[in-house]
Amino acid sequence: MPAVIVRIGLTGGIGSGKSTVARVLTECGAVVIDADAIARQLTAPGGLAIPAIASQFGDHFITVEGAMNREMMRQLAFDDPLSLHRLESIIHPLVREKVIAQTGRAIAAGHTRLVFDIPLLVESGRWRQEVDRVVVIDCSEATQVDRVTKRNSLTCEAVQKIIASQATRDQRRAAADICIYNDGLPLESLDALVRQLAHSFGL
């Protein structure tokens, strides 16, 4: 009898602690397929998305190193929401191809617990139907802003704009099978909670 493959969708707003949860799940034996990391690779120097981005937006959106200029693109997306859709139409199909390829390799290698780290899981409208469980990492907007401004060189206003461009907390919680409220939770408590969750997934 073939092994049962369990697909877990992991999502949460910027600064929610999703990356920490993904790291712990990896330590527990899950294969984490990180859509955001794939997107960064695609827009890094030599990335597959770079030629199309240069063609669509102009060479000035490409750095001298050959990567997408993230700051310029972020500002453009804030000023002109349609430009974000243009960028997504380039990147998302490429991300999906990479996700499918990584999933195939993981299953071929005998892994049965796959975690899909998808920042825009709710926004995509399709991922909810492609995973067995959705885990949402939730926290207050104030906590998101505090965490992101401390770790990144972003202003409070920039972080608030990013939050506003994402699904609301209510929308994410409505899509969740499991919700972890990561606000004021000590790191060791979050770690223990995620390990308990991993055990329930058969890890």
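The values are calculated or read from the model by the stated rules, or taken from the named source; none is laboratory data. In this text the structure is predicted, and so the values were computed from the model without any measurement. Using ideal geometry, Cβ is built from the backbone for each residue, glycine included, and neighbour counts are taken over all protein chains shown. In case anyone asks, the SASA skips ligands and DNA or RNA and just uses the protein heavy atoms, side chains included. Shrake-Rupley method; radii C 1.70, N 1.55, O 1.52, S 1.80 Å.
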How would you classify the range 1-76 from its alpha-carbon gyration tensor, with a ≥ b ≥ c the square roots of the eigenvalues: rounded for a/c under 1.5, else prolate if a/b is greater than b/c, otherwise oblate? prolate
Let me know the shape class of the chain, please: from the alpha-carbon gyration tensor, a ≥ b ≥ c as square roots of the eigenvalues, rounded when a/c is under 1.5, otherwise prolate if a/b is greater than b/c, or oblate. oblate
Would you calculate, for the chain, the mean residue ellipticity at 222 nm contributed by helices, counting each DSSP H stretch of 4 or more residues as -39,500 (n - 2.57) and dividing by all residues, to the nearest 500? -16500 deg cm²/dmol
Quick one: angle between helix 81-108 and the longest Cα principal axis of the chain, in degrees between 0 and 90, rounded to 10, please. 40
Distance between the range 55-79 and the range 181-199 - C-alpha centres, whole angstrom: 37
If the cut-off is a Cα-Cα distance under 28 Å, which lysines reach Lys150, setting aside same-chain residues fewer than 8 apart in sequence? Lys18, Lys161
So what is the relative contact order for the chain, in percent, with contacts set as C-alpha pairs under 8 Å and at least six apart? 37
Rounded percent of accessible protein surface that carbon and sulfur make up, the chain, 1.4 Å probe: 55
Averaged per residue, the 1.4 Å probe accessible area of the chain, protein heavy atoms only, in Å², is roughly 52
Taking the Cα centre of the range 84-203 as the origin and placing charges on Cβ (Lys, Arg +1; Asp, Glu -1), which of Val115, Ser153, Phe201 is farthest toward the positive end of the dipole? Val115
